[in-house]
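What follows draws every value from the coordinates through simple rules; no lab data is involved. Remember, it's a predicted structure, so these values are computed and weren't measured experimentally. Every residue, glycine as well, gets a Cβ built from its backbone with ideal geometry; the counts of neighbours run over all protein chains shown.
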Amino acid sequence: MGFSVYIILVPMLMFLVIGLGSTKLSPRAAGIFGTLGLSVSAVLSYITAFRYFFAEGLQEGIYSSITAWSVEWLRFSDKLHIDMGVLLDPISVMMLVVITTVSLMVHIYSFGYMKGERGFQRYYAFLSLFSFSMLGLVVATNIFQMYIFWELVGASSYLLIGFYYTKPAAIAASKKAFIVTRFADLGFLIGILIISFCTGTFDFGLLTADNASLAVTSMAGGSFLGLSTATWAMTLLFMGAAGKSAMFPLHIWLPDAMEGPTPVSALIHAATMVVAGVYLVARMFPLYLFAAPDVLTLITYVGAFTALFAAIIAIRQTDIKRVLAFSTISQIAYMMVALGVSGMGGHAGEGYTASMFHLFTHAFFKALLFLGAGSVIHAVHSNEMEAMGGLRKYMPVTHWTFLIACLSIAGIPPFSGFFSKDEILSAAFSHDKVVFVVLLLVAGITAFYMFRLYYRIFWGAERQYEKHPHEAPSVMFIPLVFLALLSCLTGWIPFSHFISSDSVPYDLGINWWIAAGGILVSLIGIIMATRLYRRESDLPERIASRWAGFWNAAAHRFYIDQAWLFVTKKIIFRCISTPIAWFDRHVIDGAISGLGTGTEKLSGAIKGIQSGRIQTYAAVFVWGVIIIAVCVFIF
Amino acid sequence: MDLSNFLMMRQELGLVAVFAVLLIYDIFGGETRAMRWFRPLAITLFAIHTLAGFICPMPEGEAFGGMYVNSQLTVLMKNLLNLGVLLVFMQAGEWLRQEGTAIREGEYYVITLATLLGMYLMVSAANFMLLYIGIEMASLPAACLAAYNKYREKSAEAGAKYILMSTLSSGVMMFGLSYLYGAMGTMYFTDMAPLVRFDYMTVLGFIFFFAGLAFKISLVPFHMWAPDVYEGAPTATTAYLSVVSKAAGCFALLLTLHHVFGAIGQVWYYMLWALTVLTIIIGNIFAIRQQDIKRFFAYSSISQAGYIMLGVLHGTETGLTAVIYYLLVYMFSNMAAFGVIASVENKTERTDIAAYNGLYKTNPRLALVMMLAVFSLAGIPPLGGFFSKFFIFASAAAEGDYLLVFIALVNTVISLYYYLRIVKAMFIDSPEAGIGVRLRTDGYNSVSLVLCTVGIIAVGLVSNVYGYINGVGF
């Protein structure tokens, strides 16, 4: 299946074409190039997925890993070398499908959404760059390739968040996203170095083979601050994952990243890039499970806390994209928890399947929510809920597709979110009851704040709209309808037949007791939201005033941003950076300047030797020989 | 004599064939219209020759009783020289069609090829006699090239200085060779190697011989000719001397030092160590003050020669790879710089650095190429120059020569200072003193600049290049 390398290369080519053509291309041409490139990638991914899952992948009842294409890039030793390649296994193939589908929808949608924007070509160039990087990340054959593309994804996300570079908020947000994730990536890099130092390889296949026996044997020893090498390495690796996937306390960049264009938020900050952390943990899952099970417990609790924490904040946000951002954090945390509670093989590995399943369904319904929100923003020219209300009459398609997505994320059957959420709850139930209760609570809150959002946009009293709100153009609502269809249908895929922790297909039914509990909690959330927000009233404010302190803190995102600012500005800048800056300016710069002025003076002093007279040259030549000879014989 | 010996010399024969065709064409073409096709023909033929060197399998072994040796390494080295000459040819065209030189356009190519043949022999020699003949073949016609603009005083001066100094160095070298022959009774590398030992005659002979080669590479204190010749000679010749000729000299030095004089390594190690330090420092210090860009690059290439010696010193496998890699990158970088200098000089007759003020405003592409070239020479990542410096420093550090690496590193910082002068002139200084016109480079030169740029960027990033060179053993 060597052709699969073109899935990655075509967007790269399009990036070069659009990027180098830049303003010489018409905006239309740039858009068409980008969209065509992604279509090719998408079709190739579907073919790859079909052939992998139904023909070539399944060998003797196990989905095998296929290295479809590979080239050695940097060689350190026979075992330790960095390759660039395409690895096909169930999760990477699944990710290929998700990324190309959502990216294609976003490409089409952006035609309408970004119409007339300055830098339309630049926008499409960056979209292609992002698609290339993300695809390269998921098919990485080794952890170093993944790291390279991981950074590329971060860079393209930075470029796209700061797309409106004349807006100070966008610049600040892009910097924040870059610095926070980069800080987390430092942990990732150190983790990679520890792992490769101990095991002597970067290759995923070698690392995870035989229940990660290589890592278990080579990283078991050693102890630093009471923790083993493996625990340190895997914790640092998780730090990178937490940065990209916005886990507490590294989640602070994601809400601000909503300053980017909305389709970008749909693609990068909802469906694809932010799940890279989950993907990384899934990719290294055998290492976590066998070499560092304590880190897996850490992941479970960090995930559970983040899920609850973000869901509570989401209730109090008034910017519709921020609500969705916190809901994304909360849902990704769900996936992390599912990985954390998973075991290996068959039903013990239910969490692994559930996590990937939720990643899959979430990508579509969350992209749909974002694109729907984009279409609303496009119509009313504001992100604030205050400016919206009663829009269901003006925007019927957006309304219905948004409702489907809300039902899906709330976990109401038969929409896709129900199936994946049920599996996660069931996995959590069989592993840890406390986590299960937290997740159940989060499910209720999720239903509540999603329907709060829904009612405040589409119901309630109409505002004084300056221009009549209108339904989005067809290039925008076709992706909505398509994604809505996917949100209805993807839940019915028997996911455990394709993806499992040990690559052996198995049957996984719905646990109806837990499902009933989940549905009940969600319905309570929806009913509460309906009661409070369907018609405008002062009831929500009255309830909020009951615990004013708590709800205010939630509105301010529990002051985590301020805590970070305190740590960086007051502690790191003042106590560490200032002395270093002084040392740099006075000692290092001083030495270099001294070197410069010294050389310059010396150069002035001896330039007379180069006189231009050939007699001198000859004399120097001969004397040179003689002096050398004398020196050689003396010493 | 066994004629099959000649089959060993495929590359030399190919070169002679190109040489002969061009010579005959030039003689009979005279001043007719047919001469219009001379340049495309010359470049095409030579390009084919270059390509053939890379593609065709070359025989390995020795010929003519062991005088001549061909191995993968020598083939690689000749390919490198070919590439350099091809770039020089591409850049020379515009200058050659100017009034003062147009009549003798053909001779230029023929003479250059003659010197190249000499360098082939330098590379493949396994006998001091052949090596000496090669050096002479490479040097004497080079003086013609330096004096090519014969109506221009500076060019004539450059030619005169070059031939005088070259004669002197040849004389000293021949004198040294006679000592060596007297001491050991043979001129063959392989026969001589076991006989080399520390006695006055051998060591004195060696030092004299070394001085001759050091002259070609322009190591301090045998470098004095370089700035004057580089400044006065036509730019194409300067490029040729600073890149191709230097590369051949470095290679011959590397081979003889380790293959023949390995036994007195103690002697030449400290000698070369000291000269390396001197070369780097003096090249740098003088470069800072230059106002003429060709003189500037003369000193820059003197200090670059010093860096190359870091790899030559130890003669390890990694050192050898690093040297060849360095030469490759250095060739691309320097040729890019000289390509830009040539296009500026051809149109405006200016070679002062002030001419480059504000070049970015008038000729952004040329300024960009120049910037990449000097960044690469200064060793800024991710350009090829960074990797070549890295490998060559690493090869010296691997042998524990930390002091030398440290000195070289400090000098890299200094070199950055003067290389950035050019960048500053192009991008920051006000364009008043600059050339102020938009230049049109001809097609060949543009192609050569693109090739150089690709080379500067790609050689560093594509690891296969290093792997390929590494695969070719001693």
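Per residue of peptide A:593-603, the mean number of Cβ atoms on other chains within 10 Å of the residue Cβ is 4.
Pairs to check: A:115/A:421; A:24/A:175; A:175/A:366. Give those whose C-alpha atoms are more than 27 Å from each other in this structure. Display every interim value, and only then the final one.
Details: A:115/A:421 37 Å; A:24/A:175 29 Å; A:175/A:366 25 Å.
Among A:115/A:421; A:24/A:175; A:175/A:366, the Cα-Cα distance tops 27 Å for A:115/A:421; A:24/A:175.
Projecting the Cα atoms of B:66, B:113, B:48 onto the charge dipole of the stretch B:1-260, computed from C-beta unit charges around the Cα centre, puts B:48 farthest toward the positive end.
From the P(r) of the stretch B:1-260, could you give the percentage of C-alpha pairs in the tail past 22 Å? Kindly include the intermediate steps, with their values, before the conclusion.
Values: 18845 of 33670 pairs.
Result for the distance tail: 56 percent.
Among A:366, B:78, what is the fewest-to-most ranking by other Cβ atoms within 10 Å? Provide the component values of the computation, followed by the final result.
Values: A:366 29, B:78 24.
By the 10 Å Cβ count, ascending, the order reads B:78, A:366.
Averaging the sequence gap over all C-alpha pairs within less than 8 Å and six or more residues apart, then dividing by the number of residues, gives the stretch B:1-260 a relative contact order of 19 percent. For the stretch B:203-355, averaging the sequence separation of C-alpha pairs within contact (under 8 Å, six or more residues apart) and dividing by the residue count gives a relative contact order of 28 percent.
Ellipsoid fit via the Cα gyration tensor, the stretch B:263-474: semi-axes of 32, 19, 13 Å, each the root of five times an eigenvalue, largest first.
Judged by the ratio a/c of the largest to the smallest principal axis of the C-alpha gyration tensor, the protein assembly as shown counts as prolate, that ratio being 1.5 or greater while a/b is larger than b/c.
Under a model in which nothing but the beta-carbon of Lys, Arg (+1) and Asp, Glu (-1) is charged, the stretch B:1-260 shows a dipole of about 360 debye around its Cα centre.
Mind ranking A:149-160, B:115-126, B:14-25 by how tightly packed they are, going by the mean number of other C-beta atoms within 10 angstrom, highest first? Provide the component values of the computation, followed by the final result.
Details: A:149-160: 22.4, B:115-126: 24.8, B:14-25: 16.8.
With the highest mean Cβ count within 10 Å placed first, the list reads B:115-126, A:149-160, B:14-25.
Peptide A:609-620 has a mean shielding of 5, counted as Cβ atoms of other protein chains within 10 Å of each residue's Cβ.
Taking the beta-carbon count within 10 Å as an exposure proxy, list B:187, A:146 from fewest neighbours to most. Mind dumping the intermediate values first?
Details: B:187 18, A:146 26.
Fewest-to-most Cβ neighbours within 10 Å comes out as B:187, A:146.
Among the chymotrypsin sites (Phe, Trp or Tyr not before Pro) within the stretch B:279-312, not one is in coil by DSSP while having at most 14 neighbouring Cβ atoms inside 10 Å. Projecting the Cα atoms of B:276, B:331, B:369 onto the charge dipole of the stretch B:263-474 (Cβ charges, centred on the Cα centre) puts B:369 farthest toward the positive pole.
Identify the trypsin sites (Lys or Arg not before Pro) of the stretch B:107-206 meeting these criteria: DSSP loop state and at most 11 other C-beta atoms within 10 Å of the C-beta. It would help to have the intermediate numbers written out before the result.
Details: sites: B:150, B:152, B:154, B:161, B:197; in loops: B:150, B:152, B:197.
Filter output for the stretch B:107-206: B:197.
Using C-alpha pairs under 8 Å with a sequence gap of at least 6, the mean separation divided by the residue count of the stretch A:411-508 gives a relative contact order of 36 percent. Judged by the mean number of other Cβ atoms found within 10 Å, the most tightly packed of the peptides A:306-313, A:479-486 leads the ranking A:306-313, A:479-486.
In a reduced charge model with +1 at each Lys and Arg Cβ and -1 at each Asp and Glu Cβ, chain A shows a dipole moment near 1980 debye about its Cα centre. Between the beta carbons of residue B:103 and residue B:390, assuming R0 = 35 Å, the FRET efficiency works out to 0.15 to the nearest 0.05. Rounded to the nearest 500, the helix-only mean residue ellipticity at 222 nm of chain A stands at -22500 deg cm²/dmol, with each DSSP H run of n ≥ 4 adding -39,500 (n - 2.57).
Summing -39500 (n - 2.57) over the DSSP H runs of n ≥ 4 in chain B and dividing by its residue number, what mean residue ellipticity at 222 nm do you reach, to the nearest 500 deg cm²/dmol?
Details: 20 runs with 349 residues, N = 474.
It lands at -25000 deg cm²/dmol.
Would you mind giving the mean number of other chain beta-carbons within 10 Å of the Cβ of each residue in B:259-269, as a whole number? Each step should come with its number before you reach the end.
Details: counts 0, 0, 0, 0, 0, 1, 0, 2, 3, 2, 0.
Going residue by residue through B:259-269 and averaging, the value is 1.
Listed by chain and number, the lysines whose C-alpha is less than 29 Å from the C-alpha of residue B:78, apart from same-chain residues fewer than 8 away, are B:161, B:216, B:246, B:294, B:389.
About the Cα centre of the protein assembly as shown, what is the dipole size in debye to 20, counting +1 per Lys and Arg Cβ and -1 per Asp and Glu Cβ, all else neutral? Let's see the in-between values first.
Details: 65 positive and 60 negative charges, 639 e Å.
In debye, rounded to 20, the protein assembly as shown gives about 3060.
A simple spin-label model places the labels of residue A:62 and residue B:152 7.4 nm from each other, with each point 7 Å out along Cα-to-Cβ.
In chain A, a dipole from Cβ-located charges (positive for Lys and Arg, negative for Asp and Glu) runs towards its positive end, and of A:73, A:214, A:100 it is A:100 whose Cα lies farthest in that direction.
For the stretch B:366-474, the set of trypsin sites (Lys or Arg not before Pro) satisfying both a DSSP loop assignment and a count of at most 12 other C-beta atoms within 10 Å is given as B:438, B:440. Panel order for B:268, A:513, by other beta carbons found within 10 Å of each beta carbon, from fewest to most: A:513, B:268.
Here is the link list: A:176/A:569; A:176/A:570; A:393/A:467. Which ones come out longer than 19 Å on Cα distance? Walk me through the numbers before you get to the answer.
Values: A:176/A:569 14 Å; A:176/A:570 17 Å; A:393/A:467 15 Å.
Pairs exceeding 19 Å: none.
Taking label points 7 Å from Cα along the Cα-to-Cβ direction, residue B:266 and residue A:71 give a separation of 5.1 nm.
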